[in-house]
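Structure below; questions to follow.
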Amino acid sequence: MEVRAATGSLTEQQVETVVVEVGEGTARLSGPAAQVDTALGGAITSMLRDGLISGRAGEVTSIASLGRLPAKRVIVHGTGKAEARTVDGVRTRAGNLGRALRGVDAKSVAIGIQESDSPNAEASGRALAEGFVLGLYRFDRHHTRAEDRPRGAVDAITLVDASARRLAALQRGVEAGSILAEATNLTRDLANEPANLMTPTIVAERAQAVAAETGLECTIIERAEAERLGMGSYLSVANGSVQPPKFIVLRYRNGGRTRPIGLIGKGITFDTGGISIKPALGMERMKGDMTGAASVIGAMQAIARLGPGVNVLAIAPCTENMPSGSATKPGDVVYAMDGQSIEVLNTDAEGRLVLADGLAYARRENCATLVDVATLTGAMNVALGNVRIGTFANNDRLFADLERAAAAAGERLWRMPLDAEYFDLIKSDVADLKNTGGAPAGSITAAKFLERFAHDTPWAHLDIAAVSDSTSEKGVLVKGSTGSPVRTLVHFVLGRARG
Ligand code: BES
Ligand code: ZN
Ligand code: ZN
């Protein structure tokens, strides 16, 4: 599916379906809607007058063009009340409209952009492209019977602006929005794939393919090298699995001699819990426990395509977490790369173990800022549900920059506390730290654990356990992986670029 920008009259577009937008309570049509209405001999005005079209948000009305336009049909899309016309509203509406168009089997579509709706052409181009590309995503590659797949496929959507003056800005927005949404969909593809088809080896191959396509550098640290580097914490999680662990490093260089930003993503390709095994019910969801890794890989694809003047290092420690005769046992003590010792009380608290070495490696590579992303704790769902991403930071400026990036992306963060007293819960009698602090403040003690591996480097931690999946279709969200926070990460990196 491709989104394009064009200038000219909507009534002259050589497409199969033309879309016009009509707000709730519209008495007189204007702009492209008025032109199409005139071409149709006043059909839209007449339907509005007769109450057959209300303009309510999400309303879709098909009208045959009867040869009065090159297009076979006109779809009138209701956009609701005027106050809903924010950038976030545009993105959400586009997601819903995209699926509605697919539902009526539209193939090539042209839609009119009204200057009054979108004074900022670049922002609206970006929001529309994001909404269409994200909203039309689906993961159906394992249905072998066509009738099991949702029908229809929109091939191309052209945004038509009557003003040629705004075309360049609209095009810039469409291009950036498409890059951001395609990167999010890459993350979704990786996260939605079942664990037998997305092993650490396959994640590494996919990262290498992204690097080859976009000019990133990719290094895979194998088990033997990880042992030499002293990554005992990460490797302790891999002990129980027959799948070789893969510690993925992607590098984007365009910032001269400046220190890189480190993006670190939890890459557990399946989390059984290990010897502290999880209950069977719902365990299949743990195929998505590598969403942090998938997010940093997706973000790097977009960063490479957008080309900001900055250096970025993405780190994705990948492994399965399995029980077996060689698995780590509760009570085992392991050593992370920075020398700290950890008592593993619960092998299901494995995310922090792989991130400990991910953070240590990023520091060794001289990263100036660390941002980790992880499906880390079930407790996050208790605290914030699936609306906001629980975000921890040891640095106010870093949190402020992330919050600004999230606002630009249409994603939401909420800052969580890191008071010193929470650390008391993860003090161990036999090692420097223990990997669980019991039930109270489960997300916070996990973050306190990670904080110890960031040391004095500005660091933020996004616990995406509750927002990584969606059970419904709404706006840019479809069932399965959400791909959040890929767009926030990319905006954050763009915000840190020179010039
Ligand atoms: N991968 C899970 C966290 C998770 C739970 C993600 C539900 C998405 C949905 C993580 O490794 C885990 O098992 N965490 C434990 C920690 C506990 C043992 C301290 C948890 O949250 O119960
Ligand atoms: Zn776990
Ligand atoms: Zn996990």
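Just the residues that are in contact with a Leu (Cβ under 8 Å, 6 or more places away or on another chain) and either more than 20 Å from LEU370 (Cβ to Cβ) or open to solvent by 20 Å² or more (accessible area, probe 1.4 Å) (or both), please, taken from segment 482-499.
Hits for segment 482-499 are GLY483, LEU494.
Looking at this structure, is GLY41 more than 38 Å from the chain's Cα centre (by Cα), free of Cβ contacts under 8 Å to residues at least 24 places away in the same chain, assigned to a loop (DSSP other than H, G, I, E, B) and over 20 Å from ARG93 (Cα atoms)?
no
Every residue, every condition in (1) within 24 Å of ARG364 (Cα to Cα); (2) in contact (Cβ under 8 Å) with a residue 12 or more places away in the chain, yes or no:
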residue	(1), (2)
GLY390	no, yes
LEU398	yes, yes
ALA420	no, no
GLY438	no, yes
ARG452	yes, yes
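Yes or no: ALA34 out of contact with any His (no Cβ under 8 Å at 6 or more places or on another chain), free of Cβ contacts under 8 Å to residues at least 24 places away in the same chain and open to solvent by less than 30 Å² (accessible area, probe 1.4 Å)?
yes
Something else: Out of the residues in segment 432-452 meeting the condition of being small (Gly, Ala, Ser) and within 15 Å of ligand 3 (Cβ to nearest atom), tell me which one is farthest from LEU462 (Cα to Cα).
Going through the qualifying residues, I end up with GLY442.
What number of residues in segment 235-293 are in contact with a Phe, Trp or Tyr (Cβ under 9 Å, 6 or more places away or on another chain), within 12 Å of ligand 3 (Cβ to nearest atom) and either outside any helix (DSSP H, G or I) or more than 26 Å from PRO330 (Cβ to Cβ) (or both)?
Total satisfying the criteria: 3.
Taking the condition of being among the polar types (S, T, N, Q), within 20 Å of the chain's Cα centre (by Cα) and more than 16 Å from ligand 2 (Cβ to nearest atom), how many residues in segment 357-401 meet it?
2
Another one. Please list, ordered by first then second residue, the pairs with beta carbon atoms under 9 Å, 6 or more apart or interchain, first in segment 366-385 and under 15 Å from GLY265 (Cα atoms), second within 12 Å of ligand 1 (Cβ to nearest atom) and among the hydroxyl-bearing types (Ser, Thr, Tyr).
VAL373/THR291; ALA374/THR291; THR375/THR291; THR375/SER468; LEU376/SER443; THR377/SER443; THR377/THR445
Quick check on this structure: which one of THR457, THR471, THR391 is at pLDDT 95 or above and under 23 Å from LYS287 (Cβ atoms)?
Exactly one of THR457, THR471, THR391 is at pLDDT 95 or above and under 23 Å from LYS287 (Cβ atoms), namely THR471.
On to the next question. Output the number of the condition that LEU128 fails; it satisfies all remaining conditions of (1) crowded, with 19+ Cβ neighbours inside 10 Å; (2) more than 30 Å from LEU29 (Cα to Cα); (3) not acidic (Asp, Glu).
(2)
Okay, moving on. Do you know which of the residues in segment 392-426 that are in contact with a Lys or Arg (Cβ under 7 Å, 6 or more places away or on another chain) and more than 30 Å from THR184 (Cβ to Cβ) is surrounded by the fewest Cβ atoms within 10 Å (Cβ to Cβ)?
If we take residues in segment 392-426 being in contact with a Lys or Arg (Cβ under 7 Å, 6 or more places away or on another chain) and more than 30 Å from THR184 (Cβ to Cβ), then PHE423 is surrounded by the fewest Cβ atoms within 10 Å (Cβ to Cβ).
Could you grab the pairs with beta carbons closer than 8 Å, sequence gap of 6+ or different chains, first residue in segment 262-275 and touching a residue at least 12 places away in the same chain (Cβ under 8 Å) and under 15 Å from LEU313 (Cβ atoms), second one near ligand 1 (Cβ under 9 Å from one of its atoms) and not in a strand (DSSP E or B)?
Listed pairs, sorted by first residue: GLY265/THR291.
Filter segment 451-479 down to residues that are part of a loop (DSSP other than H, G, I, E, B) and within 16 Å of ligand 2 (Cβ to nearest atom) and give me whichever is surrounded by the most Cβ atoms within 10 Å (Cβ to Cβ).
Ranking the qualifying residues of segment 451-479, first place goes to SER468.
Go through the residues of segment 217-230 one by one and say whether even a single one is part of a loop (DSSP other than H, G, I, E, B), in contact (Cβ under 8 Å) with a residue 40 or more places away in the chain and in contact with a Ser or Thr (Cβ under 8 Å, 6 or more places away or on another chain).
Checking segment 217-230: not a single residue is part of a loop (DSSP other than H, G, I, E, B), in contact (Cβ under 8 Å) with a residue 40 or more places away in the chain and in contact with a Ser or Thr (Cβ under 8 Å, 6 or more places away or on another chain).
Does segment 319-341 hold any residues that are of a type in the set (A, V, I, L, M) and more than 16 Å from ligand 3 (Cβ to nearest atom), and which are they?
VAL333, VAL334, ALA336, MET337
So, one more: Under 7 Å between Cβ atoms, at least 6 apart or on separate chains: pull out the pairs that start in segment 337-354 with a residue that is more than 18 Å from VAL371 (Cα to Cα) and free of Cβ contacts under 8 Å to residues at least 60 places away in the same chain and end on any residue that is assigned to a loop (DSSP other than H, G, I, E, B) and near ligand 1 (Cβ under 8 Å from one of its atoms).
That search, which allows pairs on different chains as well, returns nothing.
Right, another one. What's the number of the only condition in (1) within 16 Å of ligand 3 (Cβ to nearest atom); (2) under 20 Å from the mean Cα position of the chain (by Cα); (3) surrounded by 15 or more Cβ atoms within 10 Å (Cβ to Cβ) that ARG206 fails to meet?
With respect to (1) within 16 Å of ligand 3 (Cβ to nearest atom); (2) under 20 Å from the mean Cα position of the chain (by Cα); (3) surrounded by 15 or more Cβ atoms within 10 Å (Cβ to Cβ), ARG206 is out only on (1).
Condition first: buried (at least 20 other Cβ atoms within 10 Å of the Cβ) and within 8 Å of ligand 1 (Cβ to nearest atom). Now tell me which residues in segment 267-282 satisfy that.
ILE268, ASP271, SER276
The values are calculated or read from the model by the stated rules, or taken from the named source; none is laboratory data. Here the structure is a predicted model, which is why all the values come from computation and not from measurement. Cβ: placed from backbone, ideal geometry, glycine included. Neighbour counts: every protein chain shown. Quick note on the areas: whole protein, heavy atoms, side chains included, nothing else; ligands and nucleic acids left out. Shrake-Rupley method; radii C 1.70, N 1.55, O 1.52, S 1.80 Å.
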